[in-house]
Amino acid sequence: MRLVQRTSLRPEARAARDFLAIEGLPLDELRALLARAEELLPVAVGDARGERTLEGRVVANIFFEDSTRTRVSFEIAADRLGAAVVNLGASGSSASKGETLVDTARNIDAMGVDAIVVRTSISGGAALVARHVGCPVINAGDGRHEHPTQALLDALALRLRLGKLDGRRVAIVGDIANSRVARSATHALVALGAHVHIVGPPSLVPVGFAQIASGAGSISITHDLDSIIHDLDAIMMLRIQMERAAASGIAPDYRAAYGLTSARRARLRPEAILLHPGPVNRGLEIDDEVADDPRSSVILAQVSCGVAARMAVLLRAMPS
Ligand code: ASP
């Protein structure tokens, strides 16, 4: 038997199937993914049975950085669609012996998987993998760069509560500098017509962040949360990224200035909603009772939306 070299996707097919970033994603594709995710929501949360469209396909989750929500929801999303999943972490794989991300991905690709989902601490790591493997690649968070499926789930959770995002005012608060969530969400929300307030201490807000995205919406930066809080439709609190050295940018009064304390929450409009990508540092960026308040917090709805968003992205990666 002759060994077969896998054929790579052609560049046009790669653009239509990889999901590496929200930046540069055409608006009609973003809208189509959101619409598909919304349709899939009942199947995603187990309220309805869907077609097992991906029966016979194999998805590899290569997670070289820790994750709870993202890894499990990719796994559930693949399972709901009938695909088999293999999970690979840094510990328990040859990454612990020094094998690089690209070598690991190339080896998994050579086993004939149909898609690779990659989480890495390397900014740009998902695109790097995509340049070296034949199958489609989905970015599940790469360093400080992007977390595009998180942006889809954020936009979906917002849409379910607010309707159209056009003209809505959304604040993204906290460790902007280290946050792939903030970057991807900003690209998606501006594309969908929202006004994004970027809020945080000067040490954690990169100069020039207001220029990162363009679209029907807009971006402004402020270091004073209290000056805008009364005017918001939604507030997204970010986790301080201790593992990315953010601690050095946090002053002792961080919680007093930027935390969503119970006292500060009282200044939000009653219908304003609260998002957080998780994991939450309770008592630092959000007080317990605010995080758990079912009237305003959509944190768990975001998690449900995550399964639907990832189903939509897996279907795009592996069209029938
Ligand atoms: N879970 C998100 C991420 O992986 C947010 C966070 O970790 O703070 O980027």
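Rule-based calculations on the coordinates, nothing more; no lab input. Note that this is a predicted model, so its numbers are computed, not measured. Every residue, glycine as well, gets a Cβ built from its backbone with ideal geometry; the counts of neighbours run over all protein chains shown.
May I ask you to list the chymotrypsin sites (Phe, Trp or Tyr not before Pro) in segment 33-110 that are in a DSSP loop and have at most 10 other Cβ atoms within 10 Å of their Cβ?
Details: sites: Phe63, Phe64, Phe74; in loops: Phe64.
Answer in residue order: no site qualifies.
Think of the chain as having a plus end and a minus end, set by charges on the Cβ of Lys, Arg, Asp and Glu; of Val173, His197, Thr104, Thr104 sits farthest toward the positive end of this dipole.
Each residue of segment 206-216 was assigned a 3J(HN,Hα) from its phi angle through the Karplus curve 6.51 cos²θ - 1.76 cosθ + 1.60 (θ = phi - 60°); the sequence is x, 4, x, 4, 5, 9, 5, 10, 9, x, 5 Hz, with glycine and proline shown as x.
Pick from Gly141, Gly215, Gly163 the residue whose mean-square fluctuation is largest in a GNM of the chain, springs joining Cα atoms under 10 Å. With Cα springs under 10 Å in the chain, the top fluctuation among Gly141, Gly215, Gly163 is at Gly163. Helical runs (DSSP H, four residues minimum) scored at -39500 (n - 2.57) apiece and divided by the length of the chain put the mean residue ellipticity at 222 nm at -10500 deg cm²/dmol. Using only side-chain charges placed at the Cβ, +1 for Lys and Arg and -1 for Asp and Glu, the dipole size of the chain relative to its Cα centre rounds to 600 debye. Computed from phi, the 3J(HN,Hα) profile of segment 150-166 under the Karplus parametrisation 6.51, -1.76, 1.60 (θ = phi - 60°) reads 5, 5, 5, 5, 4, 5, 5, 4, 5, 5, 5, 8, 10, x, 5, 8, 3 Hz, with x in place of Gly and Pro. Legend: ranking of residues Asp175, Asp253 from fewest to most surrounding C-beta atoms inside 10 Å; resulting order Asp253, Asp175. Counting every other Cβ atom within 10 Å of each residue's Cβ, Leu232, Leu128 order from fewest to most as Leu128, Leu232.
Mean-square fluctuations from a GNM of the chain, with a 10 angstrom spring cutoff on Cα atoms, peak among Ile62, Ile22, Ile250 at Ile250. Loop-located trypsin sites (Lys or Arg not before Pro) across segment 217-320 with a Cβ neighbour count of 13 or fewer within 10 Å are Arg267, Arg295, with loop assigned by DSSP. Taking other Cβ atoms within 10 Å as a rough exposure proxy, Arg36, Arg71 sort from fewest to most as Arg36, Arg71.
Restricting segment 53-115 to GluC sites (Glu not before Pro) that sit in a DSSP loop and have at most 15 other Cβ atoms within 10 Å of their own Cβ leaves Glu55, Glu99.
Close amide H pairs (under 5 Å, H built 1.01 Å from N) link Ser297 with Leu274, residues at least 5 positions away or on another chain. If you run the Gaussian network model on the chain, springs between alpha carbon atoms under 10 Å, then out of Ala191, Ala127, Ala13 the most flexible one is Ala13.
Report the Stokes-Einstein translational diffusion coefficient (µm² s⁻¹, integer) for the chain, Rh taken as the Kirkwood radius over Cα pairs, at 10 °C with viscosity 1.306 mPa s.
On the way: Rh = 20.0 Å.
Answer, rounded: 79 µm²/s.
I need to check one value: relative contact order of the chain, counting alpha carbon pairs closer than 8 Å and at least 6 residues apart, in percent.
Relative contact order here is 21 percent.
Each DSSP beta bridge with both residues in the chain is either parallel or antiparallel, and the antiparallel ones are about 5%.
Projecting the Cα atoms of Gln5, Val43, Val59 onto the charge dipole of segment 1-82, computed from C-beta unit charges around the Cα centre, puts Gln5 farthest toward the positive end. Put a plus charge on the Cβ of each Lys and Arg, a minus charge on the Cβ of each Asp and Glu, and nothing anywhere else: the dipole of segment 64-184 about its Cα centre is then about 540 debye. Relative to the Cα centre, the charge distribution of segment 174-278, modelled as +1 at Lys and Arg Cβ and -1 at Asp and Glu Cβ, gives a dipole magnitude of about 200 debye.
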